Amino acid sequence: MIYSLSGTLVGRRENYAIIEAGGIGFKVLLPLRTVHSLPQNGATIKLFCTMYSRESAPFDLFGFLTEPDLYLFEKLNTVSGVGPKTAMSIMGIAPSNQLIIAINSGKIELLTKASGIGKKTAERVIVDLKDKLDGGTAGGSAQTLTLMESDLELEETLVSLGYTKAEAKSAIAKIDPAVTGFKERLKEALKKNKF
């Protein structure tokens, strides 16, 4: 089992990166938020990884920038009806600490913002994982949820203005966390992220 992979980032696509280590190029599937957080090609990076095998693809390697991200991904995969693809979709909507707070707070509507996640799947995730995840009881959870809800609304607004979903997520990821309020965050996204 591979737990982590350190090497040179040699390429990236919409949902994966290619990491070269020891003369071997590893294709590592990543959540969309992680792809947009990667450094420039040629940089040395470390990813925390896990492997899954399916009939259609013998082995897929999934990677994350932090151990908490890997932890949440593995926990999501324990939920009936949630496989790696669905877990990656959920992981792509917000940082893991925000997702854990949303799950522990029973925020079904936030989880349904992930592509391919319906109300029943979101409910199942909450029933199976609520209050069972580490890292979701920290103070400021109400503020974190408000920011998460605001950023999901901001993403929808950017898409309606002509951004692709990937561009909108990338623009939001670049906004300084100290900037709060929907209008202020929208201005920052538009000012700093011209596509």
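Is there a residue being within 20 Å of THR50 (Cα to Cα), among the polar types (S, T, N, Q) and in a loop (DSSP other than H, G, I, E, B) anywhere in the range 107-118? Scanning the range 107-118 turns up no residue that is within 20 Å of THR50 (Cα to Cα), among the polar types (S, T, N, Q) and in a loop (DSSP other than H, G, I, E, B). Considering only residues of the range 74-102 that are crowded, with 19+ Cβ neighbours inside 10 Å and either farther than 24 Å from LEU38 by Cβ or over 13 Å from the mean Cα position of the chain (by Cα) (or both), which is modelled with the highest pLDDT? Here the residue is LYS75.
Right, ARG54: under 26 Å from ASP176 (Cα atoms), in contact with a helix residue (DSSP H, G or I) (Cβ under 9 Å, 6 or more places away or on another chain) and of a type in the set (D, E, K, R) or not? No; evaluated as a whole, the condition is false for this residue. Screening the candidates GLY25, GLY63 for the property of being in contact (Cβ under 8 Å) with a residue 40 or more places away in the chain, touching a strand residue (DSSP E or B) at 6+ places or on another chain (Cβ under 8 Å) and part of a strand (DSSP E or B) yields one hit, GLY63.
Criterion applied to THR8, THR78, THR34, THR50 was being hydroxyl-bearing (Ser, Thr, Tyr) and either assigned by TED's automatic domain parsing to the domain that holds VAL125 or part of a loop (DSSP other than H, G, I, E, B) (or both), and the one residue passing it is THR78. Within the set SER160, SER150, SER115, SER105, the sole residue that is among the hydroxyl-bearing types (Ser, Thr, Tyr), at pLDDT below 90 and under 24 Å from LEU61 (Cβ atoms) turns out to be SER115. Residue-level check: of (1) of a type in the set (Ser, Thr, Tyr); (2) in a helix (DSSP H, G or I); (3) in contact (Cβ under 8 Å) with a residue 40 or more places away in the chain, THR86 misses just (3).
Of the residues examined, LYS113 is one that is under 27 Å from ALA168 (Cα atoms), of a type in the set (Lys, Arg), in contact with a helix residue (DSSP H, G or I) (Cβ under 6 Å, 6 or more places away or on another chain) and not assigned by TED's automatic domain parsing to the domain that holds ALA173. For the range 127-147, the tally of residues that are modelled with pLDDT of 65 or more, hydrophobic (A, V, I, L, M, F, W, C) and closer than 18 Å to PRO68 by Cα stands at 2.
The values are calculated or read from the model by the stated rules, or taken from the named source; none is laboratory data. What you are looking at is a predicted structure, and each value in this text was computed from that prediction instead of being measured. Cβ atoms come from the backbone with ideal geometry, glycine included; neighbour counts cover every protein chain shown.
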